[in-house]
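Structure first, commentary second.
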Amino acid sequence: MTVVVVGAGPVGVTAALLLARRGLDVLVVDRHRAAYPQPRAVHLDDEALRVLQAAGVADRFAAVSRPMAGLRLLDGAHRTLVEFPRGDGAHGWPQASMFSQPDLERVLREAVAAEPRVELRGGVELVGLADRAGPVRLTVRDRETGVEEELLADAVLGCDGANSTVRRLIGAWMHDLGPTERWLVVDLVAAVPLDVWPGVHQVCDPERPATFMPVAGSRYRAEFRLRDGEGAADLDLPAQLARFGAAGCTVTRAAEYTFAARVTDRWRSGRVLLCGDAAHLTPPFIGQGLGLGLRDVHQLSWKLAAVLAGADDALLDTHQAERAPHARSLVRLAVLLGRLMTGGGERAALVRRVVLTGVRRLPRLAAFASSSRTPPLRPGPLVRRSRFAVGSPVGGLLPQPPVDRPGRLDDVLGPGWAVLTTGGPVPADWPGPVLRADQLGSPWLVRWLAGRSVLVRPDRIVAAVAR
């Protein structure tokens, strides 16, 4: 079975590695001959690291990234309103990691080069797509020679970004969930490490919202919202950087970006499926742009492998049913937090100072704000949870505490469905592995199970619970 992935960014290449690990041959095509050399994404949370772990590259990614200390919200005078620390999460990785995207892309492409089931062809653009009875037919064109070629695939993944050709060819449309904003994104290199707090600084100033963060090594990033009618040349960049203690840094790139909040109306046409920025765009205020795309392909890869092995095609309907509400909730959260942090005038700034400083005295709210956990999936065919089951782990990601076995908990569970228990009920005819948490050397996991048995999907989502 052959899957064609259109788009060789981090989402597309991760998809190829995940599919290859499930025994599928994958061809990745991209209109560019090489990876994009400039940094774009700079943050991943511990849930996204679980996806890279499943793809076999998490340890290599950890070597080129660094844990993020947390998030500080500052007022217009750069005084700290509140700090949300990040540390070791429940998933076996730092709650938040900072990195330079070219480093991640190099790690992914090195893994692809060592994977015999994956072929990557650059300089090739998609110009036609037909999904009728039988294989999907793609027409691709060599951008240098102009020669066109027809390809046949058992399935196609559109991971080709915000201006997705695959999305256009299947007739899908993006729906706006919030306003667009123009920001100037500035990448910096320092001759010596800056004496700054090693987390994200978010300036909640309606006059000039800004973000500053150490990325990795001697690299830093600053972002400034542009006013209506204002261009990059109108911004006094040296003065703005000086406010963060970064006046002596070398600017390696300064580019205007339009931050949008959009989700596609259609994630699937037959065996053509959308993932990543082809399916959703989110403002950067919760750092979930790339993470959302990695979740897409993690939750899709095992379903697609099952369908290509003979399962009913209806399984692919769950791609949109599960991912669209999850994406919409996170995109809307990013829009809301952006407004709360940067919207309004002087009166709003005063209210923001009072509210945010009060967060420190509300431990539960502060803990929620410091968590990297994303919302659980909604109930459906693959998520058996009552809408009224408050506190149920169903629909969420299984925690991954340390265990006394080789590797991590995900490695011990294996690539398929599994049951994790401390002696609770397990169907007698259950064909998959059954693991006893009390035999894995993790008292934390035993306490978390609290006498329950949990059914875990291949993407580590908890599908059901029994007592």
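The values are calculated or read from the model by the stated rules, or taken from the named source; none is laboratory data. Note that the coordinates shown come from a computational prediction; the quantities given were computed from them, not determined experimentally. We place every Cβ from the backbone using ideal geometry, glycine too, and count neighbours over all the protein chains shown.
Side notes on the structure shown:
- Checking Pro238, Pro193, Pro198, Pro209 one by one, the residue that is surrounded by 15 or more Cβ atoms within 10 Å (Cβ to Cβ) and not assigned by TED's automatic domain parsing to the domain that holds Leu129 is Pro209 and no other.
- So Cys249, is it in the same structural domain as Leu188 (by TED's automatic domain parsing), touching a helix residue (DSSP H, G or I) at 6+ places or on another chain (Cβ under 9 Å) and of a type outside the set (S, T, N, Q): yes
- Entry remark, the stretch 116-138: residues being β-branched (Val, Ile, Thr) and surrounded by fewer than 14 Cβ atoms within 10 Å (Cβ to Cβ) number 1 in total.
- Options Leu71, Leu81; residue that is in the same structural domain as Val200 (by TED's automatic domain parsing), surrounded by 17 or more Cβ atoms within 10 Å (Cβ to Cβ) and in contact with a Phe, Trp or Tyr (Cβ under 7 Å, 6 or more places away or on another chain): Leu71
- Some residue of the stretch 43-51 being modelled with pLDDT of 95 or more and either in a loop (DSSP other than H, G, I, E, B) or in the same structural domain as Arg219 (by TED's automatic domain parsing) (or both): no
- The stretch 453-467 - residue that is farther than 12 Å from Gly395 by Cβ and surrounded by fewer than 20 Cβ atoms within 10 Å (Cβ to Cβ) and, of those, modelled with the highest pLDDT: Ala466
- In the stretch 163-204, the residues that are more than 23 Å from the chain's Cα centre (by Cα) and assigned to a strand (DSSP E or B): Leu188, Val189, Val203
Residues are listed down the side, and each one gets a yes or a no for (1) free of Cβ contacts under 8 Å to residues at least 24 places away in the same chain; (2) within 17 Å of the chain's Cα centre (by Cα); (3) farther than 17 Å from His43 by Cα:
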site	(1), (2), (3)
Arg60	no, no, no
Met68	no, yes, no
His78	no, no, yes
Met98	no, yes, no
Gln101	no, yes, no
Leu104	no, yes, no
Leu108	no, yes, no
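- Matching residues in the stretch 139-158 - criterion: being more than 20 Å from His32 (Cβ to Cβ) and either buried (at least 19 other Cβ atoms within 10 Å of the Cβ) or aromatic (Phe, Trp, Tyr) (or both): Ala153, Ala155
- The set of residues in the stretch 237-259 being part of a loop (DSSP other than H, G, I, E, B) and either touching a Pro at 6+ places or on another chain (Cβ under 6 Å) or modelled with pLDDT under 95 (or both) consists of Ala247, Gly248.
- As a summary of the residue check, Val156 satisfies the conditions (1) part of a loop (DSSP other than H, G, I, E, B); (2) at pLDDT 95 or above; (3) aliphatic (A, V, I, L, M) except for the one numbered (1).
- Within the stretch 283-298, the residues that satisfy the criterion of being at pLDDT 95 or above and not small (Gly, Ala, Ser) are Leu290, Leu292, Leu294, Arg295, Asp296, Val297, His298.
- Any hit, the stretch 133-153, residues being closer than 30 Å to Ser218 by Cα and not assigned by TED's automatic domain parsing to the domain that holds Leu73: no
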